[in-house]
Structures are given as C-alpha cells and as structure tokens.
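What follows is a single structure, written as structure tokens, with notes after it.
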Amino acid sequence: MQPIDEARGVMLSLLPYVFFSAIAMGLLFAWVYARRISKPILQISGATQKMQLMEPDVCSGVRSSDELGLLSQNLDSLYASLLKNIEALKFEKDNATALERSKTEMLQSASHELKTP
C-alpha cells in the first residue's frame, strides 16, 4: 500500500507543473493559430485600403484554397474590372468633350458666316 501512496504523492506534487505546462503550451498554440488566421485578413485589409485610394496594380496576394483565398481572388478581379470600367469611362468622356468642342466650333463658324456676307 505504501508504493501507491508514494506514487500518489509524487503525482500530486507534479500536478501543478503539468497543469501550468499544459496551459503554456495551449496559449502558445493559440497564439500561433491566431497569427496564422489573422495574417491573410490583414493582407486583404491592407490591399483594400490601397484600392480605396485607387492605386494601380494592387492585389491582395492571398493565394489559398479556403474562403479567404476565394475572397481575395474575387476582390482582385472586382478591382481589375473597376479599373477597366474607369478607363473606358474616361475614354468616353474625352470623346464626348472632343465632340462638344467640335460642335461649338462648327456653330461659331456657321454663326460667323451667317453674320458676315
């Protein structure tokens, strides 16, 4: 009976060390996991801030097969499409401005010709 009491005493004396070691390992693994999960989210957030400022050639850079990777790809393609549409609208605006200018010049010329015989 005495060996069991000695083993029990040793186990009880080691229990606080095992408990604190388990908590420390759990906290370490939780920290590593949290960093692993938050890193792509922070990359996407930084890319969206640059996109908000309309900086060219911005991509989020998250390439994975999970939901964050899919979100990153969709965000990158959305931004590329937005930039393409902005360029097309600028081109159309320049064309409309040129047509308006030529219309004004033609009306001025016609008005001048009608006024002067």
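The values are calculated or read from the model by the stated rules, or taken from the named source; none is laboratory data. Just so you know, these numbers come straight off a predicted model, no measurement behind them. Ideal geometry is used to build each Cβ from the backbone, glycine not excepted, and the neighbour counts take in all protein chains shown.
Of note:
- Residues of the range 37-83 that are in contact with a Cys (Cβ under 9 Å, 6 or more places away or on another chain) and among the hydroxyl-bearing types (Ser, Thr, Tyr): 72, 79.
- Residue tally, condition under 8 Å from the mean Cα position of the chain (by Cα) and at pLDDT below 90, over the range 45-59: 1
- Test: residue 40 is within 30 Å of residue 86 (Cβ to Cβ), assigned to a helix (DSSP H, G or I) and touching a helix residue (DSSP H, G or I) at 6+ places or on another chain (Cβ under 8 Å): yes
- Flag for residue 23 being touching a residue at least 24 places away in the same chain (Cβ under 8 Å), in a helix (DSSP H, G or I) and surrounded by 10 or more Cβ atoms within 10 Å (Cβ to Cβ): no
- When we screen 64, 111 for residues that are outside any loop (DSSP other than H, G, I, E, B), surrounded by 10 or more Cβ atoms within 10 Å (Cβ to Cβ) and of a type outside the set (A, V, I, L, M), the only hit is 111.
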